[in-house]
Amino acid sequence: MLATLNDVLAPAKAGKYAVGLFNTVNLEMARGVLEAAETLHSPVIIGTAEVLLPYGSLRELADLLRPMAERATVPVVLHYDHGLTFENCMLALKCGFTSLMYDCSTCAYAENATRVAALAEIAHAFGASIEAELGHVGNAEGGAEEEEPLNPADFYTDPAQAKDYIARTGADALAIAVGTAHGAYKLPPKLDFDLIVSIAASIPTPLVLHGGSGLTDADFRRAIACGISKVNIFTDINNAGVLGMQMGLAAGKRSVTDLIPYQVRAIREATEVKISLFGSAGKA
């Protein structure tokens, strides 16, 4: 059944567990994630991100994912993650996504708040939820487009500013910068758990942890206990799909159709591990 972030994150915040966002760019990933959620009776968030659009357009993925979400026996949020442009966020809403994240985190504070507030009003008119980011969650893998900051803490979310930001924007969920990064980590991340507690105490809005792939189980459990209600995962299930296909090849399978069950099973199993870890099993 289709849901929004408000439907699944309010109970998560109250119940001290988290709901996973698993970006799903093809049928095999979607099957694996939704099978895991239904098996464990967990709410789940699926979708894509702007950086993943080369692998599947918004229109194509909406046609694939929305009917699957509607048929699911658990609440499924169809979420457009890290939307970088107003135009693509609007397209996601028109295509039937029930939630989106408008990432203006690299803008100056006032511009970030103004842009998100404007889109929040539109998203809410569509009956959709909106997530925003305050502070900046960088890229663990680095690259020419984003150099590693000299002091990552300079980009962390400020609790007092978060309170003002939510009042200005009306965002339904807030992604915070507390020491995680996107992609595969070169070095183990160091999360500022005290900062999560401070932000959670300053606003009623559910908090989101981006850059979840690669954290330890202990990191996840502590972050959720401190106030995280949504965790974003992609790299872990993306890698699991590859390992599944490798297992199929090792078993002598040589056709695409013979490899698909291995890929789906590996993604389902990896998703089940995360759902259990986040505490959302049995919460649907």
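The values are calculated or read from the model by the stated rules, or taken from the named source; none is laboratory data. Computed from a predicted model, the values in this text were never measured in an experiment. Cβ atoms come from the backbone with ideal geometry, glycine included; neighbour counts cover every protein chain shown. Ligands, DNA and RNA are excluded from the accessible area calculation, which covers all protein heavy atoms including side chains. Shrake-Rupley method; radii C 1.70, N 1.55, O 1.52, S 1.80 Å.
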Residues satisfying the stated conditions in the range 37-58, i.e. touching a strand residue (DSSP E or B) at 6+ places or on another chain (Cβ under 8 Å) and either surrounded by 21 or more Cβ atoms within 10 Å (Cβ to Cβ) or not in a helix (DSSP H, G or I) (or both): Ala37, Ser42, Pro43, Val44, Ile45, Ile46, Gly47, Thr48, Ala49, Gly56, Leu58
Which members of the range 14-36 meet the condition of being under 16 Å from Ala284 (Cβ atoms) and either in contact with a Lys or Arg (Cβ under 7 Å, 6 or more places away or on another chain) or surrounded by fewer than 23 Cβ atoms within 10 Å (Cβ to Cβ) (or both)? Ala14, Gly15, Tyr17, Ala18, Val19, Gly20, Leu21, Glu35, Ala36
Of the residues in the range 192-208, those that are closer than 17 Å to His136 by Cα, in contact with a helix residue (DSSP H, G or I) (Cβ under 6 Å, 6 or more places away or on another chain) and of a type in the set (Val, Ile, Thr) come to Ile196, Ile199
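Counting only residues that are part of a helix (DSSP H, G or I) and open to solvent by less than 10 Å² (accessible area, probe 1.4 Å), how many does the range 62-92 have? Full working, then the answer.
Filtering the range 62-92 for residues part of a helix (DSSP H, G or I) gives 62-71, 86-92.
Adding the requirement that they be open to solvent by less than 10 Å² (accessible area, probe 1.4 Å) leaves 62, 65, 69, 89, 92.
Qualifying residue count for the region: 5.
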Can you pull out every residue in the range 233-283 that is aliphatic (A, V, I, L, M), under 24 Å from the mean Cα position of the chain (by Cα), surrounded by fewer than 19 Cβ atoms within 10 Å (Cβ to Cβ) and not in a helix (DSSP H, G or I)? Ala281
A careful count of residues in the range 93-114 that are crowded, with 18+ Cβ neighbours inside 10 Å and not hydroxyl-bearing (Ser, Thr, Tyr) gives 10
For residues that are within 22 Å of Met245 (Cβ to Cβ) and touching a residue at least 40 places away in the same chain (Cβ under 8 Å), tally how many sit in the range 1-36. 11
Residue check for Ala14: farther than 20 Å from Tyr262 by Cβ, in contact with a Cys (Cβ under 9 Å, 6 or more places away or on another chain) and assigned to a helix (DSSP H, G or I): no
Would you mention how many residues in the range 215-232 are assigned to a loop (DSSP other than H, G, I, E, B) and surrounded by fewer than 18 Cβ atoms within 10 Å (Cβ to Cβ)? 1
Exactly one of these conditions fails for Gly211: (1) out of contact with any helix residue (DSSP H, G or I) (no Cβ under 7 Å at 6 or more places or on another chain); (2) small (Gly, Ala, Ser); (3) over 26 Å from Ala240 (Cα atoms). Give me its number. (3)
